[in-house]
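The values are calculated or read from the model by the stated rules, or taken from the named source; none is laboratory data. Note that this is a predicted model, so its numbers are computed, not measured. Protein only, heavy atoms only, side chains kept; ligands, DNA and RNA dropped before computing areas. Shrake-Rupley method; radii C 1.70, N 1.55, O 1.52, S 1.80 Å.
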Amino acid sequence: MIRIDRTRTPTDLVPQIDRLFALSAGKIRSIEQSSRPGDGAPVFTVEGRYTARGWTEWTEGFQYGASLLQFDATGEREFLELGRERTLTRMAPHLTHVGVHDHGFNNISTYGALWRMALEGRIDASEWERRFYALALKVSGAVQARRWTTLPDGGYIYSFNGAHSLFVDTIRSLRALALSHLLGHRLVEEQDAQVNLLARLVQHAQATAQYNVFYARSGGPYDVRGRVAHESLFNVANGTYRGPSTQQGYSPFSTWTRGLAWAMLGFAEQLEFFSTLTADDAQSSGAASAGPALLDAARATCDFYIDSAACADGVPYWDTGAPGLSVLGDWGSRASDPFNDHEPVDSSAAAIGAQGLLRFGRLLTQRGEDGARYTQAGLRVLDTLFDEAGPYLSQDANHQGLLLHSVYHWPNGWDHVPAGARVPRGESSQWGDYHAREAALYVKRLAENGAYLAFYGPGGRL
């Protein structure tokens, strides 16, 4: 359970955030110097050097998006030019990649960041440059929405596993549909069938809240409020739900903590987006009636993270049901231990989840509720991750990672285990590093009373 040892403000974290971005600059330059396009996108480090995995290239947007976050935080134009040039020359295949559910990761981190910064006045962009980003985002959202399985009461964007598979991760890919809709686009299917992208976004969010999040309503032994299933399985012949599953977690009946973090951030972000919709859009798409279910899902997952998934310092182990946790005893009442020999922690889940906690806390406060529990938990997590004296911030110039002790796919044995150890430690991932930067930028803007960091930009329209 996260222990709130003192009250924190965003301003308290600014010195650590400044240090993080100072370290980040060298990491980005090092990766750029060692990466070759033909070798595939860097995914995770092995002995401090980023390596590719050749698995849908879902991390390439994080690589170039990191440069854009670096510019946004520091104003260093070399990173703007790097991120802009790499987006222009290397990201186009991701716009029309029909085989993945990752458009919200790759394309919102690159085209979306450039579009947002143009709206905010952070960068000078000609009318044609803005239109270029807008067209890319329109295409990405429509392509993402095409991966659709129809259910009797809605539907969902299916994962790369196939039409039967609903991943909890995809809740954050809904940003692609949101921006495509905001830019006035729609999906046109067979015989000119018109598909409302906002309605599809709402239906997918509802399906995720209904099937991938648990609420302690059935009385079953694993129906614990806020627990998350990585994957939900369906019979595509008639749309019936068959049960939970997992790809990267320990079991369908435990919680893979990065999946939990995606849910926390994804639900909070979509609730923020819903608050910007016109009354007509909210009513016609179903967003108005779906709001309470998404709010319930966000609250349940954030509560579960605080109370059950995270250690006292805010960092979780990779799965709440990992068998080695039994050897660690009352691990939830102590600080996380990335150097133990029983189960790995996952700092990337902490970085993602922290932003979800902060956004949800702010959302509740704006609704007239008390959001302090979530805000303070989010700041506590980041204080741990960004602490120069702690084990998570990578200060070694020879290590290309920024956030240490991230885990990718431990059940498949893809993570590097150093000599003499029994579990992964000391390595980084593109998504962990990216989300550490994104959370840092989010808090930095709060501390400086800057424009609120939202994927849909100020007002959400060009």
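Observations
- For the set 138, 444, solvent exposure ranked by accessible area (probe 1.4 Å, protein chains only) runs largest to smallest as 138, 444.
- Stretching the chain fully between residue 74 and residue 1 yields a gain of 22.9 nm (0.36 nm per residue, less the alpha carbon separation).
- Area accessible to solvent at residue 318, 1.4 Å probe radius, in Å²: 10 Å²
- More than 31 angstrom apart: percent of Cα pairs within the chain: 36 percent
- On the principal axes of its alpha-carbon atoms, region 319-400 has extents of 45, 36, 17 Å, going from largest to smallest.
- Fully extending the segment from residue 452 to residue 387, taken as 0.36 nm per residue of separation minus the present Cα-Cα distance, adds 21.0 nm.
- Taking all Cα-Cα distances within region 24-131, those exceeding 23 Å account for 26%.
- Stretchable slack from residue 241 to residue 279, in nm (0.36 nm times residue separation minus alpha-carbon distance): 10.5 nm
- Of every Cα-Cα pair in region 170-255, the percent that sits beyond 18 Å: 56 percent
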